[in-house]
Amino acid sequence: MYSNSSNSINYTKVFLVLSTLFFMWGLITVLNIALIDELRDVFKLSYEESLSVNLALYSTYFVVALPAGAIINKVGFRKGIIIGSGLASLGCFLFYPAAGSHSFYKLILALFVLGSGFTFLQVASNPYVALLGMRGKGAAKLSFVQAFNSMGAFLAPILAGGLFLSIAGIRPDSFSTMSPDELMHHKILFVQVPYILFGSIWFLLMLIVLLSELPKISLQDQQPLIRNNEAEPRKFIVQYPQVINGALTLFLYVGAEVSLAYYISMKSDELISYYWGLALLGRFIGAGLLFVATSPRKLMKFSGSLAIFLLVLYLIVNNDDHYLTAEGTYDPALYILVFVGLCNSIVWPTVFTMGIDGMGKYSMKASSVLVMSVFGGAVVPFIFINLLTEYSIISAFPILIIAYAFLIWFGSKGSVYEKKNNFY
């Protein structure tokens, strides 16, 4: 047990708070994808600048993760979550003046602050959930809480296309009747209103965590678990293969997940919700399987293999000439890609948990390295979209296949670190 918890802890309240946090950053992350066309119009972005919107958000994880881990290691998980919530709230509020002034630089600042908040939350919350309570069920617990992240991702396109359009005063039949100035005014509101709402919710969540009594977990005196043939633990994080290999696997996985989200969005606005919805369903199913002692390694290998099969099948049967038209038809083969969302569902919680397992006082460093890998959500889609637009689908999709092949490898060999008292 790594947790200093007792039987008196109300885990329902704890997981309610954490699930709400995961829900919110899933919602806002995907909302940025859903609102990309409006952001491009409001800020008058070129194609290259619009790609930098995604880069600004995801690169923050790479830049801020290690400093965030060092701070959280000193102040504790609870204060780390408070800092993350506060920064997320501030980042959301900064969208209001950025959209009002059409300033690209203010937009990048808002995204950087928002991304910094998400980084603190990821570095603090993921290991906190995995380490709280029974160590052997870390992947199951994290998969369950991550399901609420998927729930936010699932609802984001629906909110962007329905509720927020109504709040901004935009109706599908009003575009032809508005003057350019009126349309721009409403598009600015379409960007400002959601982020003001989300900033208020993040601020409220920060106050809830501030006033709550989350169980304390102390890792300072916990020595990393050592190999059977070694007398003492290794001193440097790069010496732990499950951490470095896990970071590489997550880098490629996050990139593949975001690339597919962009691709499906380009082809059909309808189906993207199903993509995130299957990830949501899969995380609840995965949590149940992991609670009843299903091996995380076997689940990873199965998910990676199924994803590769679906990607190859799509390449065989897709029809590039039959996508979204004025009549709203699209290639039915896209449903094959939607089911990759089900394969994505258990990747983050299983890889992350196995990456930090038994790391003791090095858990925060391991968490930081693993969270840095979210940067793949900027790098891989950039390469994928350029190959797709400049060359062909045959050039772009092998990147996704390689990403899921790494998942099979991590489940087979990359996560193996024979340590004493090894749950995985």
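Assess whether SER50 counts as being at negative phi, within 20 Å of the chain's Cα centre (by Cα) and modelled with pLDDT of 80 or more. So SER50 fails the test. Cβ separations smaller than 7 Å between residues 6+ apart or across chains give the following pairs from the stretch 97-110 residues that are open to solvent by less than 40 Å² (accessible area, probe 1.4 Å) to residues that are assigned to a helix (DSSP H, G or I) and among the aromatic types (Phe, Trp, Tyr): ALA110/PHE95. With respect to MET134, is the statement that it is modelled with pLDDT under 70, surrounded by fewer than 24 Cβ atoms within 10 Å (Cβ to Cβ) and out of contact with any His (no Cβ under 9 Å at 6 or more places or on another chain) true? When the stated conditions are applied, MET134 passes them.
Only residues that are within 17 Å of ALA307 (Cβ to Cβ) and surrounded by 22 or more Cβ atoms within 10 Å (Cβ to Cβ) were counted across the stretch 378-396, and they come to 3. Might you check whether a residue that is over 26 Å from the mean Cα position of the chain (by Cα), at pLDDT below 75 and in a helix (DSSP H, G or I) occurs anywhere in the stretch 163-172? Taking every residue of the stretch 163-172 in turn, at least one turns out to be over 26 Å from the mean Cα position of the chain (by Cα), at pLDDT below 75 and in a helix (DSSP H, G or I). For the stretch 259-302, the set of residues classified as touching a Lys or Arg at 6+ places or on another chain (Cβ under 8 Å) and open to solvent by 40 Å² or more (accessible area, probe 1.4 Å) consists of PHE291 only. Within the stretch 274-295, the residues that satisfy the criterion of being over 20 Å from SER19 (Cβ atoms) and modelled with pLDDT under 80 are VAL292, ALA293, THR294, SER295.
If I filter the stretch 399-424 down to residues being open to solvent by less than 10 Å² (accessible area, probe 1.4 Å) and of a type in the set (Ser, Thr, Tyr), which single residue comes out as modelled with the highest pLDDT? Ranking the qualifying residues of the stretch 399-424, first place goes to TYR404.
The values are calculated or read from the model by the stated rules, or taken from the named source; none is laboratory data. Since the structure is predicted, the reported quantities are computational estimates derived from the model, not experimental observations. Using ideal geometry, Cβ is built from the backbone for each residue, glycine included, and neighbour counts are taken over all protein chains shown. Accessible surface areas use protein heavy atoms only, side chains included; no ligands, DNA or RNA. Shrake-Rupley method; radii C 1.70, N 1.55, O 1.52, S 1.80 Å.
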